[in-house]
Amino acid sequence: RRRVTTLSSEITVINAGSVMESKALDVSKKDIGEESARELAGVSNLDELKVPLPSVSRKALEEREKRAIRLAEESFSHINQKASPEGQKIFDKLLKACNEVVWKGESILVLKEIRVDPPYTADNCSLIINNGANSGGLDEHSLERVKKIVKSAATTQS
């Protein structure tokens, strides 16, 4: 007996409520030709369809769905409709490098301590100073790192 392993990437879960019509096709009754059935099922041998489906945890599916929704919402929060395409590209590059990057109006805030203002060049990067000092301890080195990322993002756009 051949053991078949089903990868999660081979399984697609659909909402049964979205199925408008279903029809069972039987190769033995000649409803459909064997070659067409293999093509429709995406298998090379119809015996592969006789393998029972793996059990699926409802809780695991719900967690997967929640995670996907959270990631999608997070991705949407990274898009600023008011920013120029260049600004959005720089934001994306900074986000990839720093992970804590947010939009504040049309300005980009990096680690809550460094601001990049339009037109999003290295010259438009500055430390945010509150009450005469930056609160989080980021220094000129951090600022230079952000400037370097902004500069490299600007040169790859040209």
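In the structure displayed, which of K66/K112; K30/K50; K59/K96 lie more than 23 Å apart, Cα to Cα? The partial results should precede the final answer.
On the way: K66/K112 28 Å; K30/K50 18 Å; K59/K96 31 Å.
Flagged as over cut-off: K66/K112; K59/K96.
Give the relative contact order (percent, whole number) for the chain; include only Cα pairs under 8 Å separated by 6+ residues. List each step's numbers first, then the result.
On the way: 118 pairs, mean separation 19.8, N = 158.
Once divided by the residue count of the chain, the mean separation gives 13 percent.
Rounded to the nearest percent, how much of the accessible area of segment 27-158 (1.4 Å probe, protein heavy atoms only) is carbon and sulfur? Before the final figure, lay out each step's value.
Numbers: 4920 of 9680 Å².
That fraction is 51 percent.
If a/c stays under 1.5 just call it rounded; otherwise compare a/b with b/c (prolate if a/b is bigger, oblate if not). Do that for segment 42-102, with a ≥ b ≥ c from the square roots of the Cα gyration tensor eigenvalues. It would help to have the intermediate numbers written out before the result.
Details: a/c = 4.07, a/b = 2.49, b/c = 1.64.
Prolate is the answer for segment 42-102, as a/c is 1.5 or above and a/b outweighs b/c.
For the chain, set up a Gaussian network in which alpha carbons nearer than 10 Å are linked by springs, and say which option among A24, A41, A72 fluctuates the most.
Sorting by GNM fluctuation, first place goes to A24.
With n ≥ 4 as the cut-off for DSSP H runs, can you work out [θ] at 222 nm for the chain, using -39500 (n - 2.57) per run divided by the number of residues, rounded to the nearest 500?
Values: 4 runs with 60 residues, N = 158.
It lands at -12500 deg cm²/dmol.
Go through V101, P119, I69 and say which Cα lies farthest out towards the positive end of the charge dipole of segment 23-143; charges sit on Cβ, +1 for Lys and Arg, -1 for Asp and Glu.
In segment 23-143, that residue is I69.
Build a GNM of the chain with springs between Cα atoms under 10 Å: which of N124, N15, N99 gets the top mean-square fluctuation?
Maximum among the listed residues: N15.
Here are labelled values, (i) 20.8; (ii) 15.5; (iii) 16.5, and one is the computed Kirkwood radius over Cα pairs in Å for what I pasted. Which one?
Only one listed value fits the structure, namely (i).
Highest GNM mean-square fluctuation, the chain, Cα pairs closer than 10 Å: which of E35, E21, E113?
E21
The values are calculated or read from the model by the stated rules, or taken from the named source; none is laboratory data. This one's a predicted model, so the numbers in the text were calculated from it and none came from an experiment. Here the Cβ is made from the backbone with ideal geometry for all residues, glycine too, and neighbour counts use every protein chain on show. Note: areas computed on protein heavy atoms with side chains; ligands, DNA, RNA excluded. Shrake-Rupley method; radii C 1.70, N 1.55, O 1.52, S 1.80 Å.
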